[in-house]
Each structure stands twice: as C-alpha cells, then as structure tokens.
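To start, the structure under review is shown below, and the notes come after it.
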Amino acid sequence: MLQLDGISAGYGGARVLRDVSLWLPPKSVVALLGTNGAGKTTLLRVASGLLAPTSGRLSVDGEDLTGKRAHTLARSGVCHVPEGRGVFPTLTVKENILIQAAGGDVGEAVERAVSVFPVLGQKLGQLAGSLSGGQQQMLALAHAYVTEADYVLLDEVSMGLAPVVVDEIFEFLGRLADDGRALLLVEQYVSRALELADYVYLMNRGRIEFAGEPGELDSDRLVAQYLGAHT
Amino acid sequence: MRGVCTVNDLLPFLVVGVTTGSVYGLAAMGLVLTYKTSGIFNFAHGSIAAVSAFVYYDLRTLRGLPWPVALGVAVIVVPPLIALLMERVTRSLAAGTVATKIVATIGLQLIVMSALLAGYGGAALDFPGFLPTRTVTVIGVNVGIDQLTSAIVAAACALGFFAFFRLSAMGVRMRAVVDNPDLLELSGTSAFAVRSRAWLIGCWFAAASGVLLAPQLGLDVLLLTLLVVQAYGAAAVGLFSSLPLTYAGGLLIGVLAALATKWVSHSETFAGLPPAMPFVVLFAVLLLVGRGRLAEIGGHRPAPASKPLMSRASARITAVVAVLLAAGVPLVAASKLPVYSSALVFVLIFASLHLLVRTSGQVSLAHAALVAVGSSTFSHLVVGAGLPWLLAVLLAGVVAVPVGMLVAIPAIRLSGLYLALATFGLGLLLERAVYGTSWMFGATNTLPAPRPALFESDEAFYYVLLAFAVAGSLLIALVGRSRLGRLLRAMADSPTTLSTLGLGVNVTRVTVFAISAFVAGVAGALYASQGRSATGAPFLSYTSLTWLTVLVLCAGLRAAGPSLAAVLVAVVPAYLTDGTLAQALPVLFGFGALLVALYEARAAKRRGSGQPLDELDAPQGSRSGERLGVPGPAAQRLTVARRARVARSAPARVRVGTGLAKGATR
Ligand SMILES: Nc1ncnc2c1ncn2[C@@H]1O[C@H](COP(=O)(O)OP(=O)(O)OP(=O)(O)O)[C@@H](O)[C@H]1O
Ligand SMILES: [Mg+2]
C-alpha cells in the first residue's frame, strides 16, 4: 500500500496541502479529482518524493519513506508520470527508455515499451522532443510498464491530446490495472476515470473532502458541486 | 604591420596554437560539463588545475618520488577528492541566487589560490617535466615532443569523452540531468549521483590540463588559476553548452593567442593581448549572440539576500559613531595614519561595490581595474593636463564609467553570470594589456600624483579623505534607498521579471553599474593622491576577487559593511606582524565568503519549501481526510466530510468541459 497520512506541504511560505491522507492499496485504481489549483499535482509530488512534506508520513508497503528523495521512492515501486510531458526532449526515444529502465536490461525495456505502444518502435532513434504530443505522452507512460512499478501515479496524462489518442491511453491504463498495478489517477475526463476507479477522492483547496467508492458518489450532484461540471 | 604574411610564416604559430589550444579545450569541456549538469559555474576550475600541478611538483621535486607515482597521485587520486567536495558544495548552493553561486566558487578559488601562494610563494617555479623535450618536425614546423604529446593526450581525452557522453549509459544520464533532473529522479536514478560523476570527470580534465600546461606556463599559481579564463573563453564559443564546440573553442583561443603573440611582438603597446584573448572571444560572443541562445542553466531563487544582521536604525547609529571615531583617528594613530587614510579610500571602494553586489545582485569582478583606471587618469589629468585637483578627481570617476559600461552593457542583458565573466575578463585585459601602456601607468608602472596644496600634510589630507568617504557613502545610501534602489532590490536576481519588464530593468542595472564605476574611479584618484603616486600594483585582477569576498563577509551589516570591509582589508594587515598570517588572510576571506554563500543558499532553500507562514490561519481540527475504521480497502471509506463546507465553497471552474475543449483543440 502507498500510504499518505496527515500530509501538509507547500511551496515557500504558501501551504498547499493541509493534513491530507490518501491510501493507494495494491492492485486498486484510485481517482483523485478536484478543481484547478486544488493541490492534486502537489499531492502526487509528495507521494513520489519530489516534494518533501512539512508534516505527515509517507510509506510504501509499510516502510516509512517520509523525506526520502524521488529516486528512492521510484526504486520502491512508485512510478510518477508527471503533469506535462514526462520525457527528456534532447534524448532519443531509446535513450529515454534507457533512463526509464534505471539500470535494467535496455533491450528488454525497449521491447516492453514497444509492445504497449507499437508506434514507438519506429521512432527509437528520434529525439523525444520531436515526437508529436501524443507520442511523447505514450513514451512517458511507457515508463509505468517498463519499470513494473506497483504504484503508478498519473497526472492528467490525457491532457491536450486528440480523442483517439485519449482512447488509446485509457486502454493502456486499463491494461496496467489488469496487470495488477495500483493506479492513482488524476484526470480531467472524470467519467472515464470513474469507470476505472475502485475509489474516489475529491480534493478542494488542499484538503480531501470526500473519499469513497464511485457508487457512493452521487456523481451528478457531487461532481457538479465539486468540479462545476456535468459528466 | 609589415607587408603580407605567408602561410609559412603563420604555420609555426598555428601549430603552437593548436597544441596549447587542445589542452585549453580539455579544461573547458570539464568546465562546461560541470556547469551544464550542476547549474553552477565553477570559477575555481583553474584552481583545480593549479592544485594538481603543485601536488605533482611537491611529490616529484620536493619529495623525490618517481614521476609516474607523482603524476598518478596528482591526476588520478586528488581530483576525486576535489570532486566530492565540489558536488557537496554545489548541491547546497542549488537554491541560492546567481550572486550567491558566483561568490561561493570565487571564495573557493581564493582559498586555493592564496593557500598555494602562501605555501609555495608567488614566483614561478621550475616544473619538473615528465615528457621528453626533444623536438620533432611536423608539417615543416619544429614541435617539442612534450607539447605534441600534451595535445594528443588532450585530444584523445576529448574524443573519448564525446563517445562516452553520446554512447554510454552514464553519458545518457548526464544529458538527462541537464534536461530535467526531477524526471531523472522519478526514473529511479539519483541526480546527485550523476552530478558527482560529472564533477569527477570535470576535475580529472582540469587536473590533466594543469599538469599538461605547467611545463609551458611554468609553475605559477596565478597563471594556472587563470586557466579558467582560457576555459570560459572556449566555453563561450560553445555557448556554454555544446561540448564539441567548446573543444573547438579551445583550439580557436590557442590559435588566436599564438597569432596575437606573433603580431604583438612588433608592438610594445599590445604585449599583454595574447593572454587576454579568451576575454576578447567571450566579449565577441556576448555582443553577437542573442539572449535566447545564452540562456542560463539552473534554477535560481528570485529571493533577495537574507536578512541583514543589523536593523536600519542601528546601522545608522553605527555609521555616526564610525564617523566620529574616524575623525579622532589622527590624534592616536601616529605613524600608522597612512593606513587609516587608505582605509577611508577603501570605504569608498567597498561602498561602490556594495551598491552593485548587494543592492542589485550583480557581481562585478573588474572593480580593482576600475579603481586603477581612476588612479592613472587622475595623474594624467593633474600632472599631464594641469587640471585643478578636485576637478581631476571627479573626472577620474567620469572616465571609469564608460570603461566599465563597455562590458557591462552586453553582459547585463544576459544574466548575472555573464556580467561576472565579462568583468573578470575586462579586469584581466586591462591588467595585462593596458596597465603597462602610456594610456595608464606606463612602462615604469608609476606616475606622480599630487595632493591639493592646502592639504599637503597627512593629517589634513586624512580629513579630505574622510569627507569623500562620508559623501560617497551617503551617495550610495541614497541610491540604495531611492526608487531606483528599491526597484533593483525587488528584482535582484529574477531573470523572469527581467525579461518581462525588458529594457527598463537593463537600463536601471546599467545606471547602477555606472554610479558604482564612478565612485570606484574617484576612489582610485584619492588612493593615488594619498600615496602621492599612481601605480597598478595594488589593483591586479585578483584583488577584485578578494574585495568581493571581504564585502560579502561583511554584508550582513548593511551600510556599515563597507567600513568593516575597509578595516579588514586596509587596517588589519598593517597590524599583523606575522607574515604568514597576513598571507593567510585571503584564505580566511575566501572561507568566510563561501560560508556566507552556503548559509544564504540554505536560508533561501528553507524559505523555498520549509515551514509554512500561514500556519496560524489553518483551521484547527479539520481532519476531514482522516480515515475511519480498519486498514485495508474498507478503510478507504470516508464519510462525506463537511457537507456544510461544500455549500459555501466557491463555485468551481468547469473542469470536464475545459478538458474536453482542450482535447478538441489539440
Ligand atoms: N512550484 C510552485 N510554486 C509555488 N506555488 C505552487 C507551485 N506549484 C503549485 N503551486 C500552487 O499550489 C496550489 C496547488 O497547485 P497544484 O498544481 O497542486 O494544483 P492542481 O490540483 O494540480 O491543479 P491543476 O488541476 O490546475 O493541475 C496552487 O495554488 C498553485 O498556485
Ligand atoms: Mg495539476
């Protein structure tokens, strides 16, 4: 279980997260929803070790990893696909996969990446920065599959992509879930995220305001209230 | 110029240029590699070269070890230790401002340099070469085997490194850390570990170039430390980013310097030009290349320097007390009065530097040269042109302004780092190429400089200086507190603000630079007048580094800082009877500046992600996120917390809608 307990965190003087607790059990899919600026990205940054919390506890499979740096968490099975394009633009696709493999067998890693996103196979020698937005996102997502991480944090991975690409990405997410990975999903396509999710957290102004199963979520009303939108 | 040069005339110079340039290129690659990966430009890069050369000298000549052992220790064993230190220091500096980062590595440089000077003396020593010095003929030119070997070794290292950087897994990681260190960490690779490898290679290259160049340059601390200047000239050709171009830049600088040697051999005036070649190249790059191509590496805090140790009120009281004490000095100082007189001049010098460094976050390393310009101009005006004393003093200040602005203008629009580099180069260029000419101090390096007729005596002139020191400090304080000063402080070190506000900010920055240069020029005139002669000896380019570190040490004292700095630089050494202690003083200054920089970077980091300021306004007892029940998936069930709060929460923006809209527009 990836476990965040009583986390507070922020940037400089500004506190963004206030006493947030969130659990990501193994093999489950958890959706984290909230308005712009609610603190979702900040929470994922804490969960993957990019941002040290000012208080609270972070643990993975019972091991306390509070204050550990991101590379340690990554090695403990946490994979964070960050907001924006999670690729190294000046590296080739193959070199990106090499980094993702973190010292593992590169050939095997490339095979795995190509098996989920075949289009990458034709682009191995190309600079990641010259890929299309969708292809870059696929490369970033391949990380999750390449590393066999148990906990995958996905921050708006469908953002700014064409509908067909979004379909492909959700298909991949379903595949990851079937593969037994736990997913923490921050998504703008709320209904699609809820379809996959076992649990939902609603976040507002740096706090968790609802946590429960999607069925419990009177979705039309709550989503309208929290997210100001209809699905 | 005499007639035409045939290729055959030039060939020897080309060959010499390429052989030394190859080694410069190697050093420069190390510098660029560490800069790219860590975001810290290491002004102490040349010091690493010096250390390895001296370690070799010490083991070989002083201890008589066989040369392979000495070489192995100097080039293979020592650099990793330095790399370890560098990685540690730069890691702590990551959150600091540009000025903090510059000051820290300059502090390091000063430590190493002064320690070597104290330990081995300033005179060039014979470097015990380890390569045969016989010559061979290459394309019709006689070259020493040692030189040829150095060039080939350097080229081989450079080539090997390109291959490593492009092909090996660690090379890929190094490029990844340049691209996005956070993402690298997310992939399970420690960015610090990768950076420490880069430091290791950088230090190895510096050490190798030190040992390879020492036979040609002689074992001279200053010359070897100056390798960083050759290196950054080469780095400029690669726009501080491309490693192959940087190596090519090294070759270019080597060749230009060699050709310049040929040309200046007919001219006394420009004898100092060859060593200043890197600066000429850097300057050309700064002029020709746009801001976009020379983006600075590494994130910087926009936060200004940390809180002063002194409140404004106590700084004022201190200032008044200091002036009163200073007024009484002639009654007690007796034979040491000249020491205090020069301290007053230093108050002016440090006040002008303070304005630049502390108020606007700009680091200038040409300050000593500007003071020297003031000194020599003053003599030319008073003695040569017969102007009245006061007018000559003020005009000396005026003349220093365009000299400084010449480099400040192209550099300031880029970033604090380039200003520091350009001014470092300017200081060196003036010292090497102009101090000795008739424009400045002339071949004898001394010019007459009178005092005003009415204030001939030491006591009387002391009060003249006191008046200048007070007036200058007031001027600086006024500028600091004016709208201009507030503006500068507000945007000290914020490149983003800089680019959004554009030209206006650059104009203000240049204005401050000009004011600072003016005061420095005036101080130079007074310094000359106090000593009754103008000479360049006290204003070598390394003096600028010492001044900077001393000022940074005292900066917590606000306006009182320059006065304390003046005491440290001018008065304290005069009372140190122990020669080694006096020599070790710059080491202490360097340490102090390094510690201050580390402290400020740490404070900035704490402000960056530390304790929240709004602790108090966080509502108590709102543990809405707390789990109920037993662990496991069941524990995920929470009550729908605080429905009441939901009602009053502001209507949120449309997310699903915007998401779809975004999806559609792509
Ligand atoms: N690097 C940063 N420095 C300072 N403040 C930040 C930083 N990143 C985020 N914030 C602030 O933290 C708050 C939460 O931001 P965060 O990115 O976590 O929100 P989010 O829920 O991911 O929003 P979005 O849906 O827009 O991605 C915002 O108010 C934002 O202004
Ligand atoms: Mg976000």
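The values are calculated or read from the model by the stated rules, or taken from the named source; none is laboratory data. All of these numbers come straight from a predicted model, not from anything done at the bench. Ideal geometry is used to build each Cβ from the backbone, glycine not excepted, and the neighbour counts take in all protein chains shown. Side chains included, ligands, DNA and RNA excluded: accessible areas come from the protein's heavy atoms. Shrake-Rupley method; radii C 1.70, N 1.55, O 1.52, S 1.80 Å.
Quick rundown of the values:
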| quantity | calculated |
| --- | --- |
| Complete set of residues in region A:50-76 that are open to solvent by less than 10 Å² (accessible area, probe 1.4 Å) and not β-branched (Val, Ile, Thr) | A:Leu58, A:Ser59, A:Leu65, A:Ala70, A:Leu73 |
| Residue check for A:Ala109: under 21 Å from B:Ala169 (Cβ atoms), open to solvent by less than 20 Å² (accessible area, probe 1.4 Å) and either more than 9 Å from every other protein chain (Cβ to nearest Cβ) or charged (D, E, K, R) (or both) | yes |
| Condition met for A:Leu44 (within 13 Å of ligand 2 (Cβ to nearest atom) and open to solvent by less than 10 Å² (accessible area, probe 1.4 Å)) | yes |
| Close pairs from region A:165-189: first farther than 24 Å from A:Ala38 by Cβ, partner assigned to a loop (DSSP other than H, G, I, E, B) and open to solvent by less than 20 Å² (accessible area, probe 1.4 Å), Cβ under 7 Å, at least 6 apart | A:Arg181/A:Ala149 |
| Complete set of residues in region A:181-213 that are open to solvent by 10 Å² or more (accessible area, probe 1.4 Å) and in a helix (DSSP H, G or I) | A:Ser191, A:Arg192, A:Leu194, A:Glu195, A:Leu196 |
| Near pairs, Cβ below 6 angstrom, 6+ apart or cross-chain, from region A:35-58 (within 9 Å of another protein chain (Cβ to nearest Cβ)) to any residue that is open to solvent by 10 Å² or more (accessible area, probe 1.4 Å) and within 8 Å of ligand 1 (Cβ to nearest atom) | A:Leu51/A:Arg45 |
| Residue list for region B:139-161, restricted to those being open to solvent by 50 Å² or more (accessible area, probe 1.4 Å) and either among the small types (Gly, Ala, Ser) or farther than 18 Å from B:Leu213 by Cβ (or both) | B:Ile139, B:Gly140, B:Asn142, B:Ala156, B:Leu159 |
| Residue pairs meeting the criteria (Cβ under 7 Å; at least 6 apart or on separate chains; first more than 7 Å from chain B (Cβ to nearest Cβ), in region A:194-214; second within 16 Å of ligand 2 (Cβ to nearest atom) and assigned to a helix (DSSP H, G or I)) | A:Leu202/A:Tyr226; A:Met203/A:Lys40 |
| Region A:159-176 - residue that is under 17 Å from A:His80 (Cβ atoms) and of a type in the set (A, V, I, L, M) and, of those, nearest to ligand 2 (Cβ to nearest atom) | A:Met159 |
| Strands (runs of 3 or more DSSP E) (entirely within region A:1-63) containing at least 1 residues that are more than 13 Å from ligand 1 (Cβ to nearest atom) and at positive phi | A:2-11, A:14-24, A:55-60 |
| Selection within region A:77-91 - more than 7 Å from chain B (Cβ to nearest Cβ) and either more than 23 Å from B:Val172 (Cα to Cα) or touching a Ser or Thr at 6+ places or on another chain (Cβ under 7 Å) (or both) | A:Val78, A:Cys79, A:Glu83 |
| Condition check for B:Phe165: within 14 Å of another protein chain (Cβ to nearest Cβ) and assigned to a helix (DSSP H, G or I) | yes |
| Residue among A:Leu17, A:Leu32 that alone is buried (at least 24 other Cβ atoms within 10 Å of the Cβ) and either farther than 14 Å from A:Glu156 by Cβ or facing chain B (nearest Cβ under 8 Å) (or both) | A:Leu17 |
| Among the residues listed as B:Val177, B:Val228, B:Val194, the single one being over 30 Å from A:Ala149 (Cα atoms) and β-branched (Val, Ile, Thr) | B:Val228 |
| Unique match (being open to solvent by less than 10 Å² (accessible area, probe 1.4 Å) and modelled with pLDDT of 95 or more) among B:Val228, B:Val172 | B:Val172 |
| Residue within region B:125-138 that is of a type outside the set (S, T, N, Q), surrounded by 19 or more Cβ atoms within 10 Å (Cβ to Cβ) and either out of contact with any Cys (no Cβ under 8 Å at 6 or more places or on another chain) or more than 28 Å from B:Thr225 (Cα to Cα) (or both) present | yes |
| Matching residues in region A:150-180 - criterion: being within 9 Å of chain B (Cβ to nearest Cβ) and not in a helix (DSSP H, G or I) | A:Glu156, A:Ser158, A:Met159, A:Gly160, A:Leu161, A:Ala162 |
| Breaking point among (1) open to solvent by 20 Å² or more (accessible area, probe 1.4 Å); (2) facing chain B (nearest Cβ under 9 Å), for A:Gly6 | (1) |
| Residue satisfying condition, being more than 14 Å from chain A (Cβ to nearest Cβ), buried (at least 22 other Cβ atoms within 10 Å of the Cβ), part of a helix (DSSP H, G or I) and at pLDDT 85 or above, within set B:Val519, B:Val587 | B:Val519 |
